[in-house]
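To keep things clear, I will list the structure first and then write my remarks on it.
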Amino acid sequence: MSSFYPIFLDIKGKKCLVVGGGSVAERKVKSLLKFAAKVTVVAPQVSPEIENLAVNQNLTIVKARFEPSHMENAVLAIGSANSKEVNQTVYNEAEKLKIPVNIVDQPELCTFMVPSLVRRGDLSIAISTSGKSPAVAKTVRKLLEAEFGNEWGEYLEIMGEARKIAFKTEPEQKKREEMFNEIVKANLLEMIREGNSDGARRKAMEIIKP
């Protein structure tokens, strides 16, 4: 059984280090940028796509061989270099500094795993096989993508709005829970799927503010 504890990290505006400049590094960089991280890529050479990302994104490119100083102030590190020696050095340095580290395709050199992810607005569903089979994680992700459409993002926005209002207007926790349960049973998802997002929002507000 996996010893990895599932957790979501807030990396907005924080330095995340990616060592390597190839196609794997590209994917890692794009994923980190989606979560508003300040990404630093360290590699003697980087792909044209990474170069392009640096034009308008919160991305710094350091064209050099990895050195321990590159890890300064990083909150996590990902190693995707072509050199096993470099990746091992990244891991060793991260461990020394107690920085979470992931060396791609080497589970034994990982203190965190990057899950396969389904995102629908603020709804995030993470899938991990603890490094045993990325192919299985990808298969599960595709199944979930088919099950959870974009309407879930809108649905969650409405639920979040209703929750804020309920906490301002209803002091009793039990009554708030009853309100939320009633909203969940109100078939808002189906209304959103049918293109009636405004109607779904009105229905939720009617329950919160009777």
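Identify the single condition in (1) modelled with pLDDT of 95 or more; (2) aliphatic (A, V, I, L, M); (3) buried (at least 17 other Cβ atoms within 10 Å of the Cβ) that Val75 does not satisfy, given that it satisfies every other one.
Unmet for Val75, out of (1) modelled with pLDDT of 95 or more; (2) aliphatic (A, V, I, L, M); (3) buried (at least 17 other Cβ atoms within 10 Å of the Cβ): (3).
Do we find a residue being touching a strand residue (DSSP E or B) at 6+ places or on another chain (Cβ under 6 Å) and at pLDDT below 95 anywhere in segment 55-66?
Yes: segment 55-66 contains one or more residues that are touching a strand residue (DSSP E or B) at 6+ places or on another chain (Cβ under 6 Å) and at pLDDT below 95.
Regarding Thr129, is this residue out of contact with any Ser or Thr (no Cβ under 8 Å at 6 or more places or on another chain), of a type outside the set (Lys, Arg) and modelled with pLDDT of 95 or more?
no
What pairs can you find where one residue is in segment 73-86 and assigned by TED's automatic domain parsing to the domain that holds Leu97, the other is surrounded by fewer than 20 Cβ atoms within 10 Å (Cβ to Cβ) and outside any loop (DSSP other than H, G, I, E, B), and their Cβ atoms are less than 7 Å apart, with a gap of 6+ or different chains?
Close Cβ pairs (under 7 Å, with a partner that is surrounded by fewer than 20 Cβ atoms within 10 Å (Cβ to Cβ) and outside any loop (DSSP other than H, G, I, E, B)) amount to Asn73/Lys15; Ala74/Lys15; Val75/Lys15; Ser80/Val24.
Please go through segment 104-126 and give me each residue that is among the aliphatic types (A, V, I, L, M), over 28 Å from Val86 (Cα atoms) and touching a helix residue (DSSP H, G or I) at 6+ places or on another chain (Cβ under 6 Å), ordered by number.
Val118, Leu123, Ile125
Could you check segment 16-103 for strands (runs of 3 or more DSSP E) lying wholly inside it with 3 or more residues that are more than 28 Å from Arg120 (Cα to Cα)?
Result: 59-62.
Being of a type outside the set (Phe, Trp, Tyr) and in contact with a Leu (Cβ under 9 Å, 6 or more places away or on another chain) is the requirement here; does Leu53 meet it?
yes
(1) within 21 Å of Ile11 (Cβ to Cβ); (2) in contact with a Gly (Cβ under 9 Å, 6 or more places away or on another chain); (3) free of Cβ contacts under 8 Å to residues at least 60 places away in the same chain: which one isn't true of Lys63, the others all being true?
Among (1) within 21 Å of Ile11 (Cβ to Cβ); (2) in contact with a Gly (Cβ under 9 Å, 6 or more places away or on another chain); (3) free of Cβ contacts under 8 Å to residues at least 60 places away in the same chain, Lys63 violates only (1).
The values are calculated or read from the model by the stated rules, or taken from the named source; none is laboratory data. Computed from a prediction, not measured in an experiment: that's the story for all the values here. Don't worry about glycine lacking a Cβ; one is built from the backbone with ideal geometry, like all the others, and counts go over all protein chains shown.
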